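The block underneath contains the structure these notes are about, expressed in structure tokens.
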Amino acid sequence: MQTDEIQPEGASSSSINQPGISLPSQTMQNQIHELAKTLPPPRKQNTACDACRARKVKCNRLPGQDKCQHCISKNYPCTHFSQQATSEKKRSSAGQRRTRTISSSHSSSPPTPGTPKPSSSSNLPQPTPFQAFNAVVSSHTPTRQLLTYLFSPPLENATDPSNQFRNRLPSYADWGELAPNLEDEAFRLEFAFDLVEVFFQIVHTRIPLLNPTQFRTRFKQSLTITQSSPIFQEKPLHPALVATVIAWGAKFSEHPLLVADRRRNLNAQSYLAQALINRARELAESMKVHRVASADHVVISLLIEPLQAQSPDDASGFHRFWLISAIRLLLDLQINHKSVMSNIEDPEARGTMIFAWWMALLADAFGSAYYRRKPMLDDDDYDIDFYTAEPIPSGPSDGMTPSPREQYEFLVRIYPCHAVYPSHDNFLQGYYRASHALARISRQMSRQLWRPATESDGVPFETLCNFVHLLGDWRDQYLTKVGVPSNFQAAWDFVSAVSACGSDATYHVMWIILFNATDDFGIREVNEVARLGNPPGILPNHIQIEVIKRKVMEEALHGSLRISGLAGVLTSNGYLRLDPAVMHVSCIQAGTLLARLGRPEVTNCIAGLEQYSAAYAEAADHATEMKRHYASARAGEADFGHMSTVVPRLVGLENQAMNVDQSQFSGNGTPTMQYR
């Protein structure tokens, strides 16, 4: 069979079909990947001698001389040779340790002819019980056989939690009336191509870890490989990666099979989509993705983490597991060392690993603040300067990599705030510096707030003042550059809307987290006075404490209202139905605070989470909880703790309906809230 015959006609356009939603084309998908993998490279190792380094002058040594020019002119002893030798030794040893592992994961060269394949790729059994087939899937399992397994009928009964009928034969009945079509190989291939396209249209725009053109080509070619194929023309796609991409596609696809599956279930969830998530996760486990350090395993782990349920209380117990695994794999590969990163010769592999480290670092930092835990990484765990860019070379595009001008125009479209920068380089430096700076603040907050001593004694007033100062400085320096511009009048397509709103909301939710921590734990100095039975007014800095508390309250309310406004825009356009958990936490945090305050603007967050629930079932539970909080607040049942003295009273809100706050938007539905 020729590869051109595999992809069904029209498979390049996926089943996402929602009026008014502008999704990225294949050209834009490739540009997103190129921008992600061309993150600024790390600084080169400093090989200046001690004297030049101390005096901050350039260290130049002419060929044939044993001293640099500065040391010769000053008659200083020169350590240039020892510095250079030490640097070269470090780079060489580090590169030898890790480059082979990283490069081999991205290598496309075929194996040596005549090399026998592992026996596990021969005589594979037909997929019957899930565990039995899963045990024999290996890196050499043909993709067609893998698809047969992924789309095999469920042995488990989704409608029978007690598994009362555990001995029944596998049946497609749980997946709807169209599911039996999966027995036909042609239908399976058409379905798989559709899910791959949905992944690149929806998920790839936010998590550009894969090369779209390369993945499509290799996926298409892999379908021509059978058990009798002599050699692979390219390194086969990792089975767990294929399974993860397909599971992502099923989460958002509007394919008739999945629509029928959702329609028959009370919670509008697809049992087939959930089965694909479970199978991708368990396949990754069986192939030791979380244990063996390789570039492929890093990518798979980072893709699985946001794929699964985002609730820390999820019964599966996998929340954070794959993020932690990805960070451990990156540390094992020593991607946190610039000396190792610089020795990865393949630019595709190097760019992917830099972006993977960047993504893991941010997820760890912000996740620690969201879910009240200590971060895995700290400031001294890496020496990669993400925001130190070298000039991008000028010249014509090679057809695959966008030219500098094309990159600039593309960034203006995705990030409207990019237009305030005079060049592509300045934007990259500004954007990465801003994200990294906020991540460092988030880590500091987590290490200070989520401690047993803080929970029992309260937040030290000096610590609280420091965080207020840090967040204020970040806002003044970065928010107008990376957030949603107040005068943004461009068309809100899916990519630009979700990208800009996501970065904007990440900052504002920090104030909500700080407010909640102070409300739950109190301020240590005030708590100490209260334990002695004295009023807080006896503290010499009582007025200053109340001012800071009121400041935190005002910023948290302002942030909640802004997130509510952004959620209203995204929801009205149907974008949160297609969002891979970018605005998820922000909607929950902001909506919960607004509900507790009895503010009608909570409706935006409720509507957003209800739209989210099509892909993340737990979002519906959060929406229901917000409604309960709102009803309690309107009934006068306040549930605030240490911050109750600065919580605004409910005045004049009785007749306001729970609608979008139109004062936050211009006539065309664009946010117009001003930065403070």
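The values are calculated or read from the model by the stated rules, or taken from the named source; none is laboratory data. Owing to the predicted nature of the structure, the values given are computational and were not obtained by experimental measurement. Here the Cβ positions follow ideal geometry from the backbone for every residue, glycine too, while neighbour counts run over all protein chains shown. Protein only, heavy atoms only, side chains kept; ligands, DNA and RNA dropped before computing areas. Shrake-Rupley method; radii C 1.70, N 1.55, O 1.52, S 1.80 Å.
Of note:
- Local charge for ALA273 was computed over the other residues whose Cβ lies under 9 Å away, with Lys and Arg +1 and Asp and Glu -1, and equals +1.
- If you plug the beta carbon distance of VAL259 and LYS627 into 1/(1 + (r/R0)^6) with R0 = 25 Å, you get a FRET efficiency near 0.35.
- Solvent-accessible area, 1.4 Å probe, carbon plus sulfur percent, for the stretch 427-649: 51
- Cα centroid separation - the stretch 586-644 against the stretch 291-341, whole Å: 31
- The value obtained for the stretch 584-646, namely the Cα convex hull volume divided by the number of residues, is 75 Å³ per residue.
- Solvent exposure of the stretch 427-649, expressed per residue, is 35 Å² of accessible area, with all protein chains present and a 1.4 angstrom probe.
- 1.4 Å probe accessible area per residue over the stretch 332-389, in Å²: 33
- Cα coordinate range in the stretch 207-343, projected on the principal axes (Å, largest first): 54, 43, 25
- For the stretch 268-388, the convex hull spanned by the alpha carbon atoms encloses 130 Å³ per residue.
- Mean shadow area of the stretch 427-649 over all directions, Cα convex hull, nm²: 13.1
- In this structure the amide hydrogen of VAL459, modeled in the peptide plane, comes within under 5 Å of the amide hydrogens of GLY522, ILE523, ARG524, none closer than 5 places in sequence on its chain.
- Stretchable slack from SER139 to GLN544, in nm (0.36 nm times residue separation minus alpha-carbon distance): 139.5 nm
- Cross-linked pairs LYS288/LYS481; LYS58/LYS374; LYS338/LYS374; LYS220/LYS251; LYS251/LYS551: Cα-Cα separations exceed 31 Å for LYS288/LYS481; LYS58/LYS374; LYS251/LYS551.
- Efficiency of FRET between VAL468 and SER644 - r from beta-carbon atoms, R0 22 angstrom, step 0.05: 0.70
- Each of the peptides 634-642, 547-555, 572-580 was scored by the mean count of other Cβ atoms within 10 Å over its residues; in descending order, highest first, they stand as 572-580, 547-555, 634-642.
- The distance between label points at GLU177 and THR27 comes to 4.2 nm (points 7 Å beyond Cα on the Cα→Cβ vector).
- Peptides 524-535, 282-293, ordered by how many other C-beta atoms sit within 10 Å of their residues on average, highest first, read 282-293, 524-535.
- The residues packed around CYS68, meaning those with a beta-carbon under 12 Å from its beta-carbon, carry a net charge of +4 if Lys and Arg are +1 and Asp and Glu are -1.
- Length released on extending from ASP50 to LEU532, taking residue separation times 0.36 nm less the Cα-Cα span: 167.7 nm
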